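Read through the structure below, which is laid out as structure tokens, and then see the notes.
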Amino acid sequence: MSLSQLLPPAALAATTTPSATLDQIVSTELLPQLDDFFNRLQHEKKALVIDRTQAFNGKDKFLPGKIAIGMSYLLLNTPRNDPRFANYLAGYRQIADMTVDEDNETWGIYYYLSALNTLRRAGLLEQAVSPATLARLRERLEWRGFVSQPDFTLIKLPTNYYGVAFSIARLRYLLGWDEARPSEILLERMVNHYQTYSGEFGFSDETDGEGRFDRYSILLIGEICQRFIETDMPVTPQLKAWLRRAVDVILLRLNPQGDGFDFGRSIGAYGDTAFLEVLSAAARLDVLSAEERDMAYTFAMAASNKYANFWYDRDMHSVNLWDKGRRTDAYRGKHRILGENLSLLHQHIYTNNLWNSIGYRGKPGRSDFEDWLRKLPRYTLTWFARGEYDRALLTVRDGLRVFSLPIVNGGATQHMNNPYFPIPFANNVVQGSADAGFPQQLPRFTLADGSKLIASSFARDIRSTQQGTALELQYRQNELDKLGERNPVKDARIKVETRYRFDAGVITRTDTYTPVGALGDVRIDMEFAGFAAGATQSSAQGFRFSEGEVLGFDVQGFSHCSVEAIDAAEYRAPMGPMRSLIRCRHTARLDAPLTLQWTLRYKPL
């Protein structure tokens with residue numbers, strides 16, 4: 001198999017499995033990036049500009065903490081007899097003095113304390129931070145600014161911030177700045193939160209019960225376990241059990257190119273590192289079998305190699321999440337350019353340190369990794385929640401290609417965005433576009449009163465059956481999601497039965513929409529924005545492609561379809577631009593059931 005089948009040329013270099021080990025990738029590729037940022041900070045100070053973007057612009061409220069933890073790796077990974085060490089030590093002290101009064105909140109406080117504690121354990125804290133700055137940091141690096149007392153409730157923050165507050169309190173205790181009791185209370189709150197919002201299946205709902213399950217729902221337990229490891233606390237059997245459930249989802253999704261999550265928000269480079277954080281915690285805590293551990297390590301090599309050769313842009317001297325056809329969530333905008341570099345490097349480096357701690361330093365990856373991947377289950381349905389509404393994730397493996405079909409509710413602020421649509425995501429085949437709501441493979445109804453409805457948020461009765469190599473998955477919705485509000489709004493004027501059929505190289509989706517009473521004239525729009533090119537229209541509702549991973553896209557039930565080449569900001573995915581756009585529409589009186597269908601054909605791997 002040629003890797004050119006898997007990725008566009010721009011990403012191909014990232015997947016040439018390195019002869020270097022994971023630790024060598026970190027030492028020869030990632031630490032030099034930190035060295036470059038260190039030298040520029042030391043000389044340009046707060047005037048630092050990265051790719052025409054001012055680094056200190058007041059918009060990244062975590063930046064001082066990210067700088068502290070990022071630069072700490074230069075001290076910790078440089079021998080003390082190396083001539084660079086004295087410069088790193090003096091520079092760290094200068095940079096700490098320079099940033100001590102910069103805005104630094106929640107995650108930034110945690111990052112800073114984590115760096116200080118690691119330096120303390122290495123015997124470097126007093127040399128790396130001046131007494132006056134350390135005293136100022138003791139005042140500023142507090143959890144009490146976002147947790148009220150005496151009831152220990154969060155102040156205008158989502159409940160997953162209990163984990164951040166606990167980490168801060170625990171690290172303050174280890175630094176000798178606080179007693180243990182606050183961290184013990186916050187630990188109890190954190191675990192209770194996870195229990196409450198993970199339900200019977202062990203995955204955390206990002207909302208207060210709306211049903212948003214995404215990257216962070218699976219990552220969160222990995223982060224929690226990492227905080228226990230970092231602060232020398234024993235990990236309970238219950239936490240390990242939850243961690244194993246996250247591992248089960250991720251192992252099914254491993255791939256040779258180092259790709260992580262492909263649906264929901266904050267994916268791309270952070271979708272990749274989410275896999276690394278969960279798997280390294282699981283390896284450290286003996287939650288993996290010996291074979292699983294080796295395969296997880298081999299994936300980690302691919303993901304860090306991908307970061308060094310794909311996500312990092314040598315022309316920009318920076319990670320690239322924003323330019324040359326790439327797109328990410330608005331809150332990770334380019335105004336956070338320095339912080340995004342440092343937090344991603346931190347995630348790659350600290351997870352490598354965990355692999356080193358369990359004996360993988362200098363170890364090559366498994367040569368039979370692809371063979372192992374091909375033996376993983378073809379179809380796996382992972383439940384997130386069941387009840388009035390069902391929430392689940394179908395993972396489909398077709399050779400070395402992985403599809404995700406999330407049947408969730410994007411909830412407040414995300415239900416309208418297509419990264420949360422119930423469609424089959426796969427890199428270079430079907431992807432969403434961050435913060436974008438174009439009707440990607442999901443019909444959008446416009447009623448006579450102007451209401452716009454999509455079948456995205458209120459799934460019930462998910463069921464699946466497998467026959468040979470094929471799987472059929474069905475669910476229904478008695479209400480569609482009325483767009484236009486911050487939260488999903490139920491609209492019972494139309495109900496829908498949805499059926500997916502997956503087989504080798506082909507996916508078909510069939511929707512039967514039934515009006516509850518005559519609705520008069522409606523307009524229905526659907527799009528397929530993809531990465532294939534060279535499109536030709538083979539019939540009124542059929543399209544073929546001469547370039548890319550998609551071979552064809554056929555629809556039924558629409559009165560008009562067209563295709564065009566595109567190059568527009570809205571049609572960009574985390575890894576690059578979509579190149580073709582199929583638009584379909586249908587206008588009719590909706591007073592009887594209407595069936596709409598599409599079929600996607602793609603290259604085998």
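The values are calculated or read from the model by the stated rules, or taken from the named source; none is laboratory data. Computed from a predicted structure; not experimentally measured. Cβ placement follows ideal geometry from the backbone for every residue including glycine, while neighbour counts extend to all protein chains displayed. The protein model used for the area step is the full one, side chains on, heavy atoms only, and it has no ligands, DNA or RNA in it. Shrake-Rupley method; radii C 1.70, N 1.55, O 1.52, S 1.80 Å.
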### Query
When only C-alpha pairs under 8 Å and at least 6 residues apart count, what is the relative contact order of the chain, in percent?
12
### Query
What residue among 393, 209, 528 has its Cα farthest toward the positive end of the dipole of the chain, where the charges are +1 on Lys, Arg and -1 on Asp, Glu, each on the Cβ?
528
### Task
Give, in nm to one decimal, the length gained when the segment between residue 208 and residue 126 is fully stretched (0.36 nm per residue of separation minus the Cα-Cα distance).
25.2 nm
### Message
Helix-only mean residue ellipticity at 222 nm, the chain, DSSP H runs n ≥ 4 weighted -39,500 (n - 2.57), per residue, nearest 500. What is it?
### Response
-10500 deg cm²/dmol
### Summary
Treating only Lys and Arg (+1) and Asp and Glu (-1) as charged, each at its beta carbon, one finds that the chain has a dipole about its Cα centre, in Debye to the nearest 20, of 200
## Note on the structure
From highest to lowest solvent-accessible area (probe 1.4 Å; ligands, DNA and RNA excluded), 355, 372 read 372, 355
## Note on the structure
Expected field for residue 98, accessible surface area in Å² at 1.4 Å probe radius, rounded to 10, holds 40
### Query
Under a straight-distance cross-link criterion of Cα-Cα below 27 Å, which lysines are reachable from residue 363, leaving out those fewer than 8 residues away in the same chain?
240, 306, 375
### Message
In Å and on Cα atoms, what radius of gyration and Dmax does segment 72-113 show?
### Response
12.3, 36
### Message
Kirkwood hydrodynamic radius, segment 275-419, all distinct C-alpha pairs: what's the number in Å?
### Response
18.0
### Query
Label residue 289 and residue 323 with points 7 Å out from Cα along Cα→Cβ: what is the distance between them in nm?
4.7
### Query
Which pairs break 20 Å Cα to Cα here: 334/482; 61/324; 324/603; 66/334; 46/334; 66/156?
334/482; 61/324; 324/603; 66/156
### Task
Scale the Cα Rg of the chain by the rule-of-thumb value 2.2 N^0.38 Å and send over the ratio, two decimals.
0.98
### Query
Residue farthest toward the positive end of the dipole of the chain, with Cβ of Lys/Arg at +1 and Asp/Glu at -1: which of 428, 225, 85?
428
### Size of electric dipole in segment 484-587: Cβ of Lys, Arg +1 and of Asp, Glu -1, about Cα centre, debye, nearest 20
280
### Message
Can you tell me the orientation of helix 337-357 relative to the chain, as the angle in degrees between its alpha-carbon axis and the longest Cα principal axis, to the nearest 10?
### Response
80
### Task
Calculate, in nm to one decimal, what residue 184 and residue 412 gain on full extension: separation in residues at 0.36 nm each, minus their alpha carbon distance.
78.9 nm
### Message
Under 8 Å for C-alpha pairs, at least 6 residues apart: give me the relative contact order for segment 203-256, rounded to a whole percent.
### Response
28
## Note on the structure
Quick tally, 1.4 Å probe accessible area for 134, 581, sorted with the most first, runs 134, 581
### Summary
The alpha-carbon pair-distance distribution computed for segment 21-165, with 10 angstrom bins and whole-percent values, is 11, 38, 33, 15, 3, 0
### Task
Could you order 421, 201 so the one with the most accessible surface comes first? Probe is 1.4 Å.
201, 421
### Query
Which value, in Å² rounded to 10, gives the accessible area of residue 253 with a 1.4 Å probe and all protein chains present?
10
### Task
With a 4.7 Å Cβ cut-off, tell me which Cys residues in the chain come up empty for a partner.
225
### Query
Stretched out fully, how many nm does the piece from residue 357 to residue 560 gain, at 0.36 nm a residue minus the Cα gap?
67.1 nm
### Query
So what is the diffusion coefficient of segment 361-435 in µm² per second by Stokes-Einstein at 25 °C and 0.890 mPa s, using a Kirkwood Rh over Cα pairs?
169
